[in-house]
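K.L.:
Let me give you the structure first, and then I'll get to my questions.
Every number in this text was worked out from the coordinates using simple rules, so none of it is lab data. Keep in mind it's a predicted model, so treat the numbers as computed, not measured. Reconstructed Cβ throughout: ideal geometry from the backbone, glycine too, with neighbour counts over all protein chains shown.
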Amino acid sequence: MNIQKNISLKEYNTFGIDKKAELFIQVSSAQEVVHALNEARNLDLPVFVLGGGSNILLTQNIEALVIQINIKGYKLLKEDQNHVWVQVGAGEVWHDFVLKAIASNWAGVENLSLIPGTVGASPMQNIGAYGVEIKEVFDSLEAINIQTLEKEIFDYSQCEFGYRESVFKHKAKGQYIITQVVFRLNKKPSFNIGYGAIKDTLREMGITTLSLEAISKAIIHIRQSKLPNPKVVGNAGSFFKNPTLPKTGYQELQKVYPDIPGYVNENGIKVPAAWFLEQAGWKGKTFGKVGVHKNHPLVLVNYGNGEGSAIKELSIQIQKDIEEKFGIFLQPEVNLI
Ligand code: EPU
């Protein structure tokens, strides 16, 4: 294990923002996590945990020991007639895990193809796409308590999952480092193609026999056609969450905008934030080196050498504008640092 000083984090965040870590260390096991935490204590420095860096916006240098989680590996823990329980290292790339599951004929994560980031970060915000969230296949996780340095297990209910939410964004925020995640995947797939464009895309691709691989291919196709590749244009996927409006608020808006999309959920009606942004004219707008993506307005982008503070400023302008025009406050989905 090698601690580096004053290194650029540009390669470690998908926005490609060039901010520095005072100290930086990569860890590849739970023991190394504990070792790094002890180092931070000796140096009297806080710690900052980095996974794939796909859901953060860096607006300043990080005066901490940045611990980058590189814990790899898969372990088949048990299986029964219908399920397998697979333990996955927190540092595995999420999409690699999806591909491995598909190749093994384990169902449940194929709709989550091509989501950027690591396995360890996936429960933090209960990643979701195309009608599936990871809470549906989540069994438990192992994490190191930053204070006690002890290993703790979190089961499904302890994670307090919600829409892009978990306990790790609230009362356990900054207190744990996730090292392993256990997923319960299905041996007998039930294909989930109800969401939006999946059926049409399968048809366009000439796919008539459903399989995990076919669904994954269709989803990769949809994502690649409208979401920018972070390796080419810096971004962190959706910048804002989709707001849920009370039914009355939604009906008021419907009087003015009869075509407003909406999806009923247990708390009201969820409206795509992208719709508000498009209506307000933000789609494709560029401001110097940063902007709003031309194919999907929910994605803020760094066209190269943009500052995190410029993207933050843009997000604040968008929030103000949407609040003025529609009376809706858009919550960021991305963590602002
Ligand atoms: N829309 C527009 N204009 C656009 C694009 C979309 O008005 O240019 C409206 C349309 O009404 C469209 C609706 O937004 O039907 C939904 O669009 P989309 O299917 O692209 O999904 P989203 O609600 O914008 C969410 C997730 C994405 C996930 C997709 C697909 C959030 C914040 N985002 O986006 O997740 O990939 O659904 O399931 O929930 C991410 O979290 O980083 C992310 C990319």
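K.L.:
What order, most packed first, do the peptides 41-47, 76-82, 296-302, 268-274 have when packing is the mean number of other Cβ atoms within 10 Å of each residue?
P.N.:
Averaged packing, sorted descending, gives the order 296-302, 268-274, 41-47, 76-82.
K.L.:
Now a separate question. Put a dot 7 Å past each Cα toward the Cβ at Tyr195 and Ile207; how far apart are the dots in nm?
P.N.:
The modelled label-to-label distance comes out at 1.4 nm.
K.L.:
Which aspartates and glutamates, if any, have their Cα less than 19 Å from the Cα of Lys5, not counting same-chain residues under 8 positions apart?
P.N.:
Partners found: Asp18, Glu22, Glu32, Glu39, Asp44, Glu63.
K.L.:
Subtracting the Cα-Cα distance from 0.36 nm times the residue separation, let me have the gained length for Val264 to Leu76 in nm, one decimal. Show your work: numbers first, answer last.
P.N.:
Working: separation 188, 0.36 × 188 = 67.68 nm, distance 3.75 nm.
Full extension of this stretch gives 63.9 nm more.
K.L.:
Turning to a different aspect of this structure: Run down the lysines and flag those whose C-alpha is under 19 Å from the C-alpha of Lys187, throwing out any fewer than 8 positions away in its chain.
P.N.:
The qualifying lysines are Lys75, Lys78, Lys100, Lys135.
K.L.:
Within region 312-333, what residues put their amide N at less than 17 Å from the label point 7 Å along the Cα-to-Cβ vector of Lys171?
P.N.:
Of the residues in region 312-333, none has backbone N under 17 Å from the label point off Lys171.
K.L.:
Past the 23 Å Cα-Cα mark, which pairs from Lys171/Lys231; Lys19/Lys285; Lys231/Lys283?
P.N.:
Numbers: Lys171/Lys231 33 Å; Lys19/Lys285 25 Å; Lys231/Lys283 21 Å.
Beyond 23 Å: Lys171/Lys231; Lys19/Lys285.
K.L.:
Right, here's the next one. In the chain, which whole DSSP H runs stretch at least 24 Å along their own axis (Cα) and average -0.5 or higher on the Kyte-Doolittle scale?
P.N.:
308-326
K.L.:
Name the residue, out of Glu323, Glu266, Glu22, whose mean-square fluctuation peaks in a Gaussian network model built on the chain with Cα pairs under 10 Å.
P.N.:
Glu266
K.L.:
Take every DSSP beta bridge whose two residues both sit in the chain, then give the antiparallel share in percent to the nearest 5.
P.N.:
Values: 46 of 58 bridges.
Just about 80 percent of them are antiparallel.
K.L.:
For region 170-227, which trypsin sites (Lys or Arg not before Pro) are in a loop by DSSP, counting at most 15 other Cβ atoms within 10 Å?
P.N.:
Listed in order of number, the matching sites are Lys171, Lys173, Lys187.
K.L.:
Cα gyration tensor of the chain, axes a ≥ b ≥ c as square roots of the eigenvalues: rounded (a/c below 1.5), prolate (a/b > b/c) or oblate? Show your work: numbers first, answer last.
P.N.:
On the way: a/c = 1.69, a/b = 1.15, b/c = 1.47.
Here the chain falls in the oblate category.
K.L.:
Under a GNM of the chain (C-alpha, springs under 10 Å), which listed residue has the highest mean-square fluctuation: Ser315, Ser225, Ser216?
P.N.:
Ser225
K.L.:
Percent of Cα-Cα pairs per 5 Å bin, from 0 to the last occupied bin, for region 180-297, please list those.
P.N.:
Cα pair-distance distribution for region 180-297, in percent: 2, 9, 14, 14, 16, 18, 15, 8, 3, 1, 0.
K.L.:
Further question: Report the net charge of residues surrounding Ser225, where surrounding means a beta-carbon distance below 14 angstrom and charges are Lys +1, Arg +1, Asp -1, Glu -1. Don't skip to the end; give the middle numbers.
P.N.:
Working: positive: Lys217, Arg223, Lys226, Lys294; negative: Asp200, Glu204.
Result for the neighbourhood of Ser225: +2.
K.L.:
Let me ask something additional. For region 158-246, what log10 I(q)/I(0) values come out of the Debye formula at q = 0.11, 0.22, 0.24, 0.25 1/Å, with one point per alpha carbon and no solvent?
P.N.:
For region 158-246 at q = 0.11, 0.22, 0.24, 0.25 Å⁻¹, log10 I(q)/I(0) is -0.54, -1.16, -1.15, -1.16.
K.L.:
Where nothing but the Cβ of Lys and Arg (+1) and of Asp and Glu (-1) is charged, how large is the charge dipole of region 63-120 around its Cα centre, in debye to the nearest 20? List each step's numbers first, then the result.
P.N.:
Details: 4 positive and 6 negative charges, 29 e Å.
For this selection, approximately 140 debye.
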